[in-house]
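Comments concern the structure below.
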Amino acid sequence: MQEKFIVSIDMGGTKILASVINSTKGIISREKISTELDKSPNDYIKDIAFVSEKVIKKAGLKNNQIASICLGIPGSVNPYTGVIGIAPNLGIKNFNIKVNLEKLIKNKILIENDVNLAALGIKEFGVGKNSKNMLVVAIGTGIGGGIIIDGKIYRGSNFIAGEIGHMVIGEKGPLCGCGNKGCFEAIASRTAIVRNIINDIKKLKKKSLLEKQIKAGERIKSKLLLSAYENNDKVVVKRVNESADVVGKTLGSINNLMNFDMIVLAGGLMEAVGKYYLPIVKSSFKKTSLNESVKKTKIVLSKLADDAAIYGGISLTREFLGISV
Ligand SMILES: [Zn+2]
């Protein structure tokens, strides 16, 4: 029998990344294309069809060797019907991407929320292999969550579960993209850290190594935060540590409800400053978590980086199509 693979697609607001993967060979080819902002859903599906075909060709495979094409969507999705409920960064709302894409591509289309996919990938191929009840927290532009209970992804009653970033933790806090005030991500994401750093420099006139970039209006990426942190930039160290403290306390509180055996910190910010961030999260976690609960819960960094969601496509294909690749 011919060896089978899947195509895993990571849908971002500015780029679409496609990878061909299976569990024995890992990732065998990658392609990416940039997308313009304000695209229509129909433009997106054309891009996906294009990049899928390209990455399959690059891997030297034929279409019948591809068991599925799995899309990781930054938003709420129904994996059973293929409908994207809302994906703010993609500008898509109530759109059946599966039905529309299957008109252009012969392969089976599967969709899932991107952090749920990352949780599936971490559970099967990453640090979560031996975990039964696990929370994955992806910290970057926002804060996303993926919940594994008894080894399975928990999607909730209408596929919204895991939206940890929109838990309101400070009612007088900053306005969130969702319209509420004081959401977890509005207080502790990289976006929030950067907003606080900008405020410290521009309004409070504090000295920082990032002054030049901020005055020039440059985007402050995680790597830049890391280099400023390692150069002991007081403003950056304070704001990053503050975020770690909030994350630790919030997770401690969540753990009193859920009693996870593992909490995995993932996402762009963690890849950069994770090793400094993790010890603070662990100590703040103890301040709000019940003693009994602390004993059992390991808090660790993900090692799969951006590839976690790509690997998750393998688990999704088994769950929905019964095919192991
Ligand atoms: Zn919110």
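Listed values, structure above:
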quantity: Residues in the range 102-117 reached by a label modelled at GLU319 [backbone nitrogen below 20 Å; 7 Å Cα→Cβ]; calculated: 108-117
quantity: Anisotropy class of the range 199-242 from Cα gyration tensor, a/c 1.5 cut; calculated: oblate
quantity: Rough spin-label spacing in nm, given labels placed 7 Å along Cα→Cβ, for ASP261 and LYS181; calculated: 4.3 nm
quantity: Stretch gain in nm, segment ILE149-ASN291, where the contour uses 0.36 nm per residue and the Cα spacing is subtracted; calculated: 49.0 nm
quantity: Calculated FRET efficiency for the pair GLU242/ASN130, C-beta based, R₀ 35 Å, to 0.05; calculated: 0.60
quantity: Most to least packed among 73-79, 294-300 [average Cβ atoms within 10 Å]; calculated: 73-79, 294-300
quantity: 11 Å beta-carbon shell around LYS152, net charge (K/R +1, D/E -1); calculated: +1
quantity: Within-11-Å neighbourhood charge of PRO41 [Cβ basis; K, R +1; D, E -1]; calculated: +1
quantity: Total formal charge among the other residues, if their Cβ is under 14 angstrom from that of GLU124, Lys/Arg +1 and Asp/Glu -1; calculated: +3
quantity: Efficiency of FRET between LYS93 and LYS62 - r from beta-carbon atoms, R0 41 angstrom, step 0.05; calculated: 0.70
quantity: Residues of type lysines that LYS296 reaches as a straight line, Cα spacing below 20 Å, ignoring anything fewer than 8 places off in the same chain; calculated: LYS123, LYS129, LYS132, LYS152, LYS249, LYS282, LYS286, LYS287
quantity: Contour minus Cα-Cα distance for LYS223 and GLU171 (0.36 nm per residue); calculated: 15.6 nm
quantity: Only Lys, Arg (+1) and Asp, Glu (-1) charged, at Cβ; the chain dipole about Cα centre in debye; calculated: 680 debye
quantity: For the range 127-301: relative contact order, % (alpha-carbon pairs under 8 angstrom, 6 or more apart); calculated: 23 percent
quantity: Leading residue at positive end of dipole, the chain (Cβ point charges), from ALA138, SER52, ASN78; calculated: ALA138
quantity: Choice from VAL99, VAL247, VAL194 showing the highest fluctuation, given a GNM over the chain with Cα pairs closer than 10 Å; calculated: VAL99
quantity: Hydrodynamic radius (Kirkwood) for the range 127-301, which is based on Cα pairs only, to one decimal in Å; calculated: 16.7 Å
quantity: Rounded to 5, percent antiparallel among DSSP beta bridges of the chain; calculated: 60 percent
quantity: Burial ranking of peptide ranges 65-71, 48-54, 169-175 (average Cβ count within 10 Å, highest at the top); calculated: 65-71, 48-54, 169-175
quantity: Mean Cβ neighbour count within 10 Å, used as a protection proxy, ranking 118-127, 213-222 highest first; calculated: 118-127, 213-222
quantity: Cα-Cα P(r), the chain, percent of pairs per 10 Å interval; calculated: 6, 26, 33, 24, 11, 1, 0
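Here, each number is a calculation from the coordinates, and none is a lab measurement. In this text the structure is predicted, and so the values were computed from the model without any measurement. Counting neighbours? That spans all protein chains shown, and the Cβs are built from the backbone with ideal geometry, glycine included.
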